[in-house]
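Participant: Starting off with a structure, shown below.
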Amino acid sequence: MKIALCHFRVGETDGVSLEMDKWKKALEQLGHEVIFIAGSDKRGEAEIIPELHYQYAINNKIVQQAYGQTEYPWSEEKLRGRILMVAELIEQALLEIIRCRAIDVLIPNNILSLGWGLPAGIGFVNAIKKSKVKAICHHHDFYWERDLYAHPNHKMIEDMLKDYFPPVHPRIEHVCINSIAQGELKSRHGVEADVVPNVFDFDHDLMKVDDYNREMRREFGIQNSDIVLLQATRVVERKAIEIAIDYAAALEKKRDLLVNQKGYNGESFTEKSHIYLVLAGQSESPEYLKKLKLYALEKGVKIKDISSNVEPERSENTEEKKFSLWDVYTMADLVTYPSILEGWGNQFLEALVAKLPVAVYKYPVYQSDIEKYQFNVLSFGHQHQSDNNWVRVDEEKIEKAADESIKYLLDADYRTKQVEENYNTAKRELSIDGLQKMLAKIF
């Protein structure tokens, strides 16, 4: 079959784009021909529909009018008109691509679930209905999972969300990335969906030390004897990075157990060594980042924000050397993953692939879909309190995780056994080969 993977963007490091690359590889291994349809593509491989671009100006205004606060609200009639105007442009462009490229199956990724692209959702559904194409919608996030999209400003938008996000049609099937979303979809729309979790391409040895990243610690003023706790996620409130600060503070109080001890990597932690919490992901909430830095200062935790030096690809074309996210894992001793809400957990899986210990908060999808694999993790528990978007977990959980971390930092044999078990389990269950087997049952 000729299959088109569709999203607002491709070739970037957001979770959806990365998963589409893996689906393309797995589907091609199954003998299908696969193309991309998107609003932007840094690699130049995709069929481009400009109105799908994630920074398309009119859609940004529609999002603001439909969900946000605005000083100059549009009338409902004007808002509907703008949505349907852009939807028509997307529908016609998509129909032309379906015809010219003889597409058999469309796979819209988040286009028919999140509600961010209202014109895109309507345009896709209309094109599917007017053509003979089949669609398998890959849902990474639903609008009801996000506060912004779950409470639109108009009843008209509520109706659009119910009718198109996702649509119910005989030629449209559905795939979710976790069983919680699968159950909610069944409850709300009465439709069945397959579950296909996020996976990793183990064929690419991306997280290795080489000449490019060998001196990475030195570039950021970090000594080899220092300890690096890596927070690889974007900086947004639901990542609950304040828990990672509490954990770093607890580990700092136990530094006497580390001083003058030979670490797992042969380095000795000294009186002058530091414990750093390194933030590698881009901040999407400046106020939250500012609050985190003040909290770290209050708790005596040293933060290194290296996000401005981390890009999708390595680059030395600018004045500063840019590292990829894969490079960042090579300088870490431990990974923190305190998110309270995730659709699956890409950075958690990446930490397993990097053979690094992970300190994790067991968010709902972790409990429902990941815990069954019995990965060896440092746990922050599965219960939290939230006050004005600031998260707390039981101090005993933090202390226990910090206590257990000492063994990971000092005992090389123990550490190797734990992380190798994690790696082998992830490779067996969550690789491209695993994805291929899952997709073979769907296509």
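Participant: Mind checking the angle between helix 179-189 and the chain's longest principal axis? C-alpha axes, 0 to 90 degrees, to the nearest 10.
Facilitator: Helix 179-189 sits at roughly 30 degrees to that axis.
Participant: Projected onto the charge dipole of the chain (+1 at Lys/Arg Cβ, -1 at Asp/Glu Cβ, origin at the Cα centre), which of S17, L258, V353 gives the Cα projection farthest towards the positive end?
Facilitator: Checked the options; the winner is S17.
Participant: Taking square-rooted eigenvalues a ≥ b ≥ c of the alpha carbon gyration tensor, is segment 294-443 rounded, prolate or oblate, where a/c under 1.5 means rounded and, failing that, a/b exceeding b/c means prolate?
Facilitator: The shape class here is rounded.
Participant: Kindly provide the GluC sites (Glu not before Pro) of segment 337-380 that DSSP labels as loop, not H, G, I, E or B, and whose Cβ sees at most 12 other Cβ atoms within 10 Å.
Facilitator: Passing sites in segment 337-380 do not exist.
Participant: Let me check something: with ligands and nucleic acids excluded, how do L185, L84 order by accessible area (1.4 Å probe), largest to smallest?
Facilitator: Of L185, L84, the descending order of accessible area is L84, L185.
Participant: Let me ask something else. Ignoring any ligand, DNA or RNA, what whole percent of the accessible area of the chain comes from carbon and sulfur when the probe is 1.4 angstrom?
Facilitator: Ligands and nucleic acids excluded, carbon and sulfur give 45 percent.
Participant: Now, a different point. Rule-of-thumb check for the chain: C-alpha Rg over 2.2 N^0.38 Å? Can you show the working numbers first?
Facilitator: Working: Rg = 22.9 Å, N = 443, 2.2 N^0.38 = 22.3 Å.
Cα-based Rg divided by the globular estimate yields 1.03.
Participant: Per residue, what volume in Å³ does the convex hull of the Cα atoms of segment 122-211 enclose?
Facilitator: It is 181 Å³ per residue.
Participant: Cβ under 10 Å from W116's Cβ, W116 left aside: what net charge do those residues give with Lys, Arg +1 and Asp, Glu -1? Please report the intermediate quantities before stating the final value.
Facilitator: Working: positive: R146; negative: D141.
Cβ neighbours under 10 Å give a net charge of 0.
Participant: Here is a further query. In the Gaussian network model of the chain, springs joining C-alpha atoms below 10 Å, which of K25, K304, K132 carries the largest mean-square fluctuation?
Facilitator: K132
Participant: At what distance in angstrom do the alpha carbon centres of segment 317-348 and segment 136-203 lie from each other?
Facilitator: 27
Participant: Return a whole-number percent for the relative contact order of the chain, with Cα pairs under 8 Å and 6 or more residues apart as the contact set.
Facilitator: Worked out over the chain, it gives 14 percent.
Participant: Would you please calculate the Kirkwood hydrodynamic radius of segment 122-275 over all C-alpha pairs and express it in Å, rounded to one decimal?
Facilitator: 20.7
Participant: Can you give the accessible area of S187, probe radius 1.4 Å, in Å² rounded to 10?
Facilitator: Only protein atoms counted, so the area is about 90 Å².
Participant: Right, here's the next one. Which value, in Å to one decimal place, does the Kirkwood hydrodynamic radius take for segment 108-169 when every pair of different Cα atoms is included?
Facilitator: 11.7
Participant: Going from most exposed to least, what order do R9, R218, R80 have by accessible area with a 1.4 Å probe?
Facilitator: R218, R80, R9
Participant: Using 30 Å as the Cα-Cα cut-off, could you pick out the over-long pairs in K290/K322; K397/K441; K272/K321; K42/K134; K262/K372; K253/K355?
Facilitator: Working: K290/K322 23 Å; K397/K441 41 Å; K272/K321 27 Å; K42/K134 27 Å; K262/K372 34 Å; K253/K355 26 Å.
Violating the 30 Å limit, Cα to Cα: K397/K441; K262/K372.
Participant: If we sort 240-248, 433-441 on the protection proxy, mean other Cβ atoms within 10 Å, highest first, what's the order?
Facilitator: 240-248, 433-441
Participant: A follow-up question, please. Compare M156, M207 by solvent-accessible area with a 1.4 Å probe and give them largest first, with all protein chains kept in place. Provide the component values of the computation, followed by the final result.
Facilitator: Values: M156 10, M207 35 Å².
So the residues, ranked largest to smallest area, are M207, M156.
Participant: So, in nm, how far is label K407 from label Q383 when the simple model puts each one 7 Å beyond its Cα toward the Cβ?
Facilitator: 2.5
Participant: Hey, another quick one. Only sites in a loop by DSSP and with at most 14 other Cβ atoms within 10 Å count here; which chymotrypsin sites (Phe, Trp or Tyr not before Pro) in segment 49-99 make the cut? All intermediate terms of the calculation are to be shown ahead of the outcome.
Facilitator: Values: sites: Y54, Y56, Y67, W74; in loops: Y54, Y56, W74.
Sites meeting the loop and neighbour criteria: none at all.
The values are calculated or read from the model by the stated rules, or taken from the named source; none is laboratory data. What you see is a predicted model, and the numbers here were worked out from it, not measured in a lab. FYI the Cβ positions are ideal-geometry reconstructions off the backbone, even for glycines, and counts take in every protein chain you see. Calculation scope for accessible area: heavy atoms of the full protein, side chains included, ligands and nucleic acids excluded. Shrake-Rupley method; radii C 1.70, N 1.55, O 1.52, S 1.80 Å.
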